[in-house]
Amino acid sequence: MGWTYEQFKQAILDLINIDLSSYKERQMKRRIDSLINRNGCDNYKDYYDLINNNKEKLLQFVNYITINVSEFFRNPAQWETLEKNILPQILEKYKKIKIWSAACSTGEEPYSVVMLLSKFLPLSSIRVLATDIDMDALEKARKGIYADNSLGALPKEFLHRYFTHRENSYIIAPEVKSCVDFAQHDLLQDPFPDNCHLILCRNVIIYFTEEAKAKLYNKLSNALHPDGILFVGSTEQIIMPQRYNLKPVKAFFYRRMQ
Ligand SMILES: C[S@@+](CC[C@H](N)C(=O)[O-])C[C@H]1O[C@@H](n2cnc3c(N)ncnc32)[C@H](O)[C@@H]1O
């Protein structure tokens, strides 16, 4: 006998501790249904048995539902705002800054922050915490090897300074890599760091339900230093940010209100 989607969600929570109920249901269910189809399974129970008994299929499932697409300097205009406006303001007040790239996927985002910051500070004084729920993405991030399709928006000066080109890939420089601490972290369940001067949480919130979003914005706001900045994705503008003690400073940037 097959399972309902509810039963499948519960079984996934028990198996890998990913809470599918906090992700928008229609979108997530459609994605999972299509994956089940592609794997030739008839129903949720058959597909669950498949991923429960096959590590590779389980990894495929996690990768597919978490959607790891990323690129360096994604939405370049916003990175320009970060460089020209936000970072100078933060650095004017604080010499040592705590930065968190949440849901960092395969590392393009935290490495972009490091490279940008290197225009202001010596690499030796830069530290970025970068987290994601997906261990596989984190492993790729730690390796730091990229295909050219993730480098489209990368400024040429950084490409020349911080990458080695080998065959079809680009390898990030060890001195950039060593500025980033990667760790597994689930935005829906794990405790958050505190006193961050800058948090990047981009292109992940769109997948969450309204309820999960509200909880997340509260937790992100609390994770900020009293005048810290939250940088969100280009489709993730926050409606009535004052609810979360946040104030818009530029499009896609919010400051915690003290
Ligand atoms: C589309 S990528 C965004 C990557 C990067 N922030 C960017 O904007 O290019 C979304 C990432 O969110 C991660 N993710 C999904 N659910 C998560 C959760 N509950 N906690 C932490 N990360 C999660 C996925 O594993 C994926 O790497």
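The values are calculated or read from the model by the stated rules, or taken from the named source; none is laboratory data. What you see is a predicted model; the values in this text were computed from it and never measured. Using ideal geometry, Cβ is built from the backbone for each residue, glycine included, and neighbour counts are taken over all protein chains shown. Note: accessible area is taken over every heavy atom of the protein model, side chains too, but ligands, DNA and RNA are not part of it. Shrake-Rupley method; radii C 1.70, N 1.55, O 1.52, S 1.80 Å.
Quick check: anything in segment 83-100 within 10 Å of the ligand (Cβ to nearest atom) and assigned by TED's automatic domain parsing to the domain that holds residue 161?
No, the conditions are met nowhere in segment 83-100.
Taking helices (runs of 4 or more DSSP H) that do not extend beyond segment 118-187, which have at least 1 residues that are free of Cβ contacts under 8 Å to residues at least 24 places away in the same chain and of a type in the set (Lys, Arg)?
Per the criteria, 135-143, 156-162.
Residue 229 is checked against (1) open to solvent by 80 Å² or more (accessible area, probe 1.4 Å); (2) among the hydrophobic types (A, V, I, L, M, F, W, C); (3) under 20 Å from residue 112 (Cβ atoms) and fails just one. What number does that condition carry?
The number of the failed condition is (1).
Filter segment 181-222 for residues that are near the ligand (Cβ under 9 Å from one of its atoms) and of a type in the set (D, E, K, R) and give the result.
The answer is 186, 190, 202.
What pairs can you find where one residue is in segment 210-224 and within 20 Å of residue 26 (Cα to Cα), the other is open to solvent by 70 Å² or more (accessible area, probe 1.4 Å) and of a type outside the set (Phe, Trp, Tyr), and their Cβ atoms are less than 8 Å apart, with a gap of 6+ or different chains?
The qualifying pairs are 214/243.
I'd like to know if segment 35-42 contains one or more residues that are in contact with a helix residue (DSSP H, G or I) (Cβ under 9 Å, 6 or more places away or on another chain) and under 23 Å from residue 132 (Cβ atoms).
Scanning segment 35-42 turns up at least one residue that is in contact with a helix residue (DSSP H, G or I) (Cβ under 9 Å, 6 or more places away or on another chain) and under 23 Å from residue 132 (Cβ atoms).
So which residues in segment 216-258 are within 17 Å of the chain's Cα centre (by Cα) and among the charged types (D, E, K, R)?
Scanning segment 216-258 gives 219, 236.
What tally of residues in segment 58-99 results from selecting those that are open to solvent by less than 60 Å² (accessible area, probe 1.4 Å) and either on the phi < 0 side of the Ramachandran plot or not in a loop (DSSP other than H, G, I, E, B) (or both)?
Going through segment 58-99 one residue at a time, the tally reaches 24.
Looking at the structure I just gave you, is residue 251 under 20 Å from residue 133 (Cβ atoms) and either at pLDDT below 95 or not aromatic (Phe, Trp, Tyr) (or both)?
no
Name, by its number, the condition in (1) under 16 Å from the mean Cα position of the chain (by Cα); (2) within 23 Å of residue 32 (Cβ to Cβ); (3) open to solvent by 40 Å² or more (accessible area, probe 1.4 Å) that does not hold for residue 190.
Answer for residue 190: the failing condition is (2).
Is it the case, given these coordinates, that residue 105 is at positive phi, in contact with a helix residue (DSSP H, G or I) (Cβ under 6 Å, 6 or more places away or on another chain) and surrounded by 18 or more Cβ atoms within 10 Å (Cβ to Cβ)?
yes
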